[in-house]
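A short write-up of the structure that comes next.
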Amino acid sequence: MTKILVIDDELSILETLRMFFEEKGLTVLTADTGTKGMVLFDNKAPQVVILDIRLPDANGLDILKSMVKKEYPAKIIMITAFQDMETTILAMKTGAFDYLHKPLDIDQVEQAVDRAARIIEIDQKTPSLKVFSDAAGSLEIIGRSEKMRQVFKMMGLVCTRQVNVLLQGDTGTGKELTAQAIHRNCGCKDDPFIVFDCSAVVDTIIESELFGHEKGAFTGAEQTTRGKIELAGNGILFLDEISQLPLKIQGKLLGFLQRKEYTRVGGTRILKSNCRIVAACNQDLSTLVDKGLFKEDLYYRLKVFTINLPPLKERLSDLPLLVEHFLNKINRELGTDVTKIQDGVMQRLHRHSWKGNVRELENTIVQALVGCRGNVLLKDDIDRILDQHRLEPVQGLEAFSLAHVEKNHISRILSQLAWNKSRAAKLLQITLPTLRSKIKKYGLRPD
Ligand SMILES: Nc1ncnc2c1ncn2[C@@H]1O[C@H](COP(=O)(O)OP(=O)(O)OP(=O)(O)O)[C@@H](O)[C@H]1O
Ligand SMILES: [Mg+2]
């Protein structure tokens, strides 16, 4: 049974919260000073603490600090009449579980306490994952599925041969990561790895970016500049989004691949380069060839060694490994400590469509961890994030659905009224319980 401790010098608050939570079957302890509160905290080990910031004998933030230091897994909800940004940020940074403003909305207090109690319960019954302490693992390509094994085999082959490579796969499947891994594992790891995104540079300067230019080659070319091919030396030139390369430059690149020779823009001197080209493409290059948008000879040159990165949906057996990997990686980056996964999370992840592949999975976990206030990855959080992804890119007929309009309207009204639900219900001309059920149905929450 959940035991909560309320520390506030306003007796009416102590009484209201006591009555409310006792009626729900919780054990409620109360204290009207910080000192008394701290004694109860030490002796009675409550799971949830509701703590006022302004107390007659102490500052609630200091009490929060000492409670957090005890490493006793209590969740502390701060309450205050002061709404300044700094105290809120400070409290959350110090380790508060939540921060609520007075006058208290009893629904909000109840939600916060419920959530805290649920997290504690889930935490107790969920085993911890292995924690990797080194950061080197973050460059690792994760996967044990049959499709990924094929990828690793192909990578092994290209690493032992000086061949050009074409990486094909949908967005977020790990093309760039694979190119980096080829670089680390082939004989050229001490030589440069140069990235050139063919879609990010305007057509007119692509040629000079890639091949360099001589002084005076065009207006503004004040000095001779080396291109990416030259910069790559004996290393790897990663040509991202190769399908975006203009046809004219495709011809010049083909010439380079055939002879390992090229000239700078505006120059006649023939230069040599030994760099290896690893090209990436997230569409099927052969269809672009059919449409005349990609040079056939260049395609044949590149495709000799093609590695197809499978969409995440086709290797769902890798999900648990990937989730564990990202938890470790993101915990390290964000300084969080989420080492447990609630039952049901994996099933939910299995059902998602993963159009953005591994990148989408990584982003989902980052979002979940940023908002996480415990050490368990919760199913509710994952649901909310994935549903939001599903609703965001509203296309075609969905935008006209009543549910979509209703969700947006309620969300707008709530945020305009700073999430005062009673006022929102009045304005929307529905009852408070109806509003609550709609909030739940649409997974709405304050920003
Ligand atoms: N198998 C994997 N194991 C671990 N992390 C991965 C894996 N695949 C992709 N990632 C991670 O997912 C993110 C996207 O990967 P990457 O940038 O390599 O994708 P991409 O195929 O180049 O996507 P795009 O076509 O959109 O450029 C990166 O953060 C990368 O580290
Ligand atoms: Mg990429």
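The values are calculated or read from the model by the stated rules, or taken from the named source; none is laboratory data. Because the structure is a prediction, the values reported are computed rather than measured. Don't worry about glycine lacking a Cβ; one is built from the backbone with ideal geometry, like all the others, and counts go over all protein chains shown. What goes into the accessible areas is simple: the full protein's heavy atoms, side chains included, and nothing from ligands, DNA or RNA. Shrake-Rupley method; radii C 1.70, N 1.55, O 1.52, S 1.80 Å.
Listed values, structure above:
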{"read-out": "Mean Cα-pair separation over length for the range 3-125, i.e. relative contact order, pairs under 8 Å, 6 or more apart, %", "value": "21"}
{"read-out": "Relative contact order of the range 146-309, defined on C-alpha pairs under 8 angstrom at six or more residues apart (%)", "value": "34"}
{"read-out": "Ranked order, Met1, Met19, Met92 - accessible area, probe 1.4 Å, largest first", "value": "Met1, Met19, Met92"}
{"read-out": "Rh (Kirkwood; distinct C-alpha pairs) - the range 315-393, Å", "value": "12.5"}
{"read-out": "Accessible solvent surface per residue of the range 254-364, calculated while the other protein chains remain in place, 1.4 angstrom probe, Å²", "value": "47"}
{"read-out": "Virtual spin-label span in nm between Arg412 and Asp190, 7 Å along Cα→Cβ", "value": "6.3"}
{"read-out": "Square roots of five times the Cα gyration tensor eigenvalues for the chain, Å", "value": "56, 24, 22"}
{"read-out": "Virtual spin-label span in nm between Glu333 and Lys440, 7 Å along Cα→Cβ", "value": "3.5"}
{"read-out": "Percent breakdown of C-alpha pair distances by 5 Å bin, ordered from the shortest bin, for the range 72-113", "value": "6, 24, 32, 23, 13, 3"}
{"read-out": "Within the chain, helix-based [θ] at 222 nm, where runs of 4 or more DSSP H residues each add -39,500 (n - 2.57), nearest 500", "value": "-14500 deg cm²/dmol"}
{"read-out": "Distance violations [Cα-Cα > 32 Å] among Lys3/Lys329; Lys147/Lys440; Lys175/Lys340; Lys252/Lys291", "value": "Lys3/Lys329; Lys147/Lys440"}
{"read-out": "The range 328-447: translational diffusion in µm²/s, Stokes-Einstein, Kirkwood Rh over Cα pairs, 37 °C, 0.692 mPa s", "value": "204"}
{"read-out": "Heavy-atom accessible area ranking, 1.4 Å probe, most first, across Arg332, Arg423", "value": "Arg423, Arg332"}
{"read-out": "Rg ratio (alpha-carbon, reference 2.2 N^0.38 Å) - the range 146-309", "value": "1.03"}
{"read-out": "Relative packing of 63-70, 199-206, which averages over residues the other C-beta atoms within 10 Å, highest first", "value": "63-70, 199-206"}
{"read-out": "Kirkwood Rh (inverse of mean 1/r, distinct Cα pairs), the range 269-310, angstrom", "value": "12.0"}
{"read-out": "Convex hull volume per residue in cubic angstrom - Cα atoms of the range 240-306", "value": "90"}
{"read-out": "Nearest-0.05 FRET efficiency for His101 and Ala200, computed from C-beta distance (R0 41 Å)", "value": "0.35"}
{"read-out": "Shape call, the range 117-219: gyration tensor on alpha carbons, a/c limit 1.5", "value": "prolate"}
{"read-out": "Degrees, to the nearest 10: 106-125 long Cα axis against longest axis of the chain", "value": "70"}
{"read-out": "Helix 146-160 vs. the chain, principal-axis angle (Cα, 0 to 90°, nearest 10)", "value": "40"}
{"read-out": "Kirkwood-Stokes translational diffusion coefficient of the range 224-348, alpha-carbon pairs, 4 °C, 1.567 mPa s, µm²/s", "value": "71"}
{"read-out": "Rg ratio (alpha-carbon, reference 2.2 N^0.38 Å) - the range 1-101", "value": "0.98"}
{"read-out": "Bridge type composition, the chain - antiparallel percent by DSSP, nearest 5", "value": "10"}
{"read-out": "Cβ-derived FRET efficiency at R0 51 Å, Ser422 paired with Gln258, nearest 0.05", "value": "0.10"}
{"read-out": "Separation of the Thr219 and Ser286 label points, Cα + 7 Å toward Cβ, nm", "value": "4.6"}
{"read-out": "Cα-based convex hull volume of the range 265-414 per residue, rounded to whole Å³", "value": "254"}
{"read-out": "Once the Cα gyration tensor of the range 394-447 is diagonalised, semi-axes √(5λ) in Å", "value": "20, 11, 10"}
{"read-out": "Contact order normalised by residue count of the chain, Cα under 8 Å, 6+ apart, percent", "value": "13"}
{"read-out": "Lys/Arg +1, Asp/Glu -1 at C-beta; the range 394-447 dipole; positive extreme among Ala424, His404, Gly443", "value": "Ala424"}
{"read-out": "Extended-chain gain in nm, criterion 0.36 nm per residue less alpha-carbon gap, Arg144 and Thr16", "value": "40.5 nm"}
{"read-out": "The range 3-125 - share of DSSP beta bridges that are antiparallel (%, nearest 5)", "value": "5"}
